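Let me begin by presenting the structure, written as structure tokens, before commenting on it.
The values are calculated or read from the model by the stated rules, or taken from the named source; none is laboratory data. Note that this is a predicted model, so its numbers are computed, not measured. With ideal geometry, Cβ positions are generated from the backbone for all residues, glycine too; neighbour counts draw on all protein chains shown. What goes into the accessible areas is simple: the full protein's heavy atoms, side chains included, and nothing from ligands, DNA or RNA. Shrake-Rupley method; radii C 1.70, N 1.55, O 1.52, S 1.80 Å.
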Amino acid sequence: MSVEIRTVERSELGAWHGALEVGFHQASPEPDRAESFVEAFAEEVEWPRIQGAYDDGRVVATFRSFPTRLTVPGGEVAADAITNVTVSPTHRRRGLLSRMMADDLAAAVERGEAVAILIASEWPIYGRYGFGPATDVVTYEIDALSAGYAHGGDGETRLVAPDELASAAPAVYEAHRRSTPGAIERPERWWRRRAGLDAARSDVPGTQRCVLAVGEDGAPTGLLVYHVEQSWQDWRPRAKLHVRDLFGTTPAAAARLWRFTCEVDLVAMVRAEERGLDEPLPWLLRDARAVRQRLRTDFLWARVLDVPAALAARRYPAEGEVVLDVRDPAGFAAGRFALRGGPDGATCEPTAAAPDVALDVGALSAAYLGGRSLLVLAAAGWADEVRPGALGRLDAMLRSPVAPWCATMF
């Protein structure tokens, strides 16, 4: 019997989520929480966008997407955010992911979503579908015992209850999202879950605390969510503080919250994962060697679907005109396009003119948010310069003065 791929019905969501747990090696909720967990999950699902693969009634693959706004340099686009992708170990290498991906991307094009995005569990998988790694994240570790702050760090902070954090967070985070390429929306329910107010779905450490930085008028200017892993060594405190979220509407507010993390009593180390590349943290300290990058890795992958819409939506730090010949075996982004752009706006239209640069859709997608060097990608065989000097010109146009950063796992 052939495997059927179709939209999941509400009554099938429990089985679908069970297959998801198998695929990601996750523990199932306790029996008394399982139904409420599924009910809470059902409230978030865009029902036409959740797929399952069924073999004799059993769910053997899962796939879901949801709409979001993706910030790009100087603007934003509608994006198709793909998540919850698994295939049962009994049904690998049967083309199930390829079928679900093709269906979802075609539907995204019909909806007018110019870009698809995802977070790749493994590097080799998604390049086959035209995705390119568009942002990186960094893990920082700070020696809190020696991290004296030389710059910034003034202002008031308040420990607040979860409901106050959830109320203030959307406005603070939205200021970050609108100014940071690669950032996506976080709806109110996201913050309620982060704060531990959604009992059915929250996964909150027992020592989690919420902090707001506030301005002179008392309005929130920054937020911090952290938890502490307690440790003692020879009767000396060696606790580790884990930063879950830290955002400021101003650099001063963010600096004050970083200082806060290093001044919590009994804490010897601060660890912050999935942070952006532009973090000014080392420059705030009297001794920048008190902070170390422990990991840098790819995070958000992008896939341009509509080249004219995607490229016209962003702004370009350098004025220029380039004709692109985009290779896309799936056909969504394939074609030749004339890009004219600068700091004040851009146009991108199909053209029959001779190309200046030829590149794979994965290369265009990786460079789209401004964090990749096309010159480096070309050296690795991802792009070809047809007209001398064009590759450098396009690289200068695409690069963003703000490093792209997606801080949201989805």
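Among the residues of the range 355-371 satisfying the criterion of being in contact with a Phe, Trp or Tyr (Cβ under 8 Å, 6 or more places away or on another chain) and outside any helix (DSSP H, G or I), which is surrounded by the fewest Cβ atoms within 10 Å (Cβ to Cβ)?
The residue in question is Asp360.
For the range 294-317, state whether one or more residues are among the basic types (Lys, Arg) and free of Cβ contacts under 8 Å to residues at least 24 places away in the same chain.
Checked the range 294-317: no residue is among the basic types (Lys, Arg) and free of Cβ contacts under 8 Å to residues at least 24 places away in the same chain.
Checking Asp278 against (1) modelled with pLDDT of 95 or more; (2) open to solvent by 10 Å² or more (accessible area, probe 1.4 Å): exactly one of these is not met. Which one?
(1)
Hey, does the range 60-82 have a residue that's open to solvent by 20 Å² or more (accessible area, probe 1.4 Å), of a type outside the set (Phe, Trp, Tyr), more than 22 Å from the chain's Cα centre (by Cα) and under 21 Å from Arg6 (Cβ atoms)?
no
With respect to Leu165, is the statement that it is closer than 25 Å to Phe247 by Cβ, open to solvent by less than 30 Å² (accessible area, probe 1.4 Å) and not small (Gly, Ala, Ser) true?
So Leu165 passes the test.
Every residue in the range 289-318 that is within 27 Å of Leu277 (Cβ to Cβ), open to solvent by 30 Å² or more (accessible area, probe 1.4 Å) and either among the charged types (D, E, K, R) or part of a strand (DSSP E or B) (or both), please.
Across the range 289-318, the qualifying residues are Arg289, Arg292, Gln293, Arg294, Leu295, Arg296, Thr297, Asp298, Arg315.
Counting only residues that are of a type in the set (Lys, Arg) and touching a helix residue (DSSP H, G or I) at 6+ places or on another chain (Cβ under 8 Å), which one in the range 167-225 is modelled with the lowest pLDDT?
In this case the residue turns out to be Arg201.
Could you please find all residues in the range 319-336 being of a type in the set (Gly, Ala, Ser) and either open to solvent by 30 Å² or more (accessible area, probe 1.4 Å) or outside any loop (DSSP other than H, G, I, E, B) (or both)?
If the condition is that a residue be of a type in the set (Gly, Ala, Ser) and either open to solvent by 30 Å² or more (accessible area, probe 1.4 Å) or outside any loop (DSSP other than H, G, I, E, B) (or both), then Gly320, Ala330, Gly331, Ala334, Gly335 are the ones that fit.
Given the conditions (1) without any contact (Cβ under 8 Å) to a residue 60 or more places away in the chain; (2) crowded, with 17+ Cβ neighbours inside 10 Å; (3) part of a helix (DSSP H, G or I), which single one is not true for Pro124?
Pro124 satisfies every listed condition except (2).
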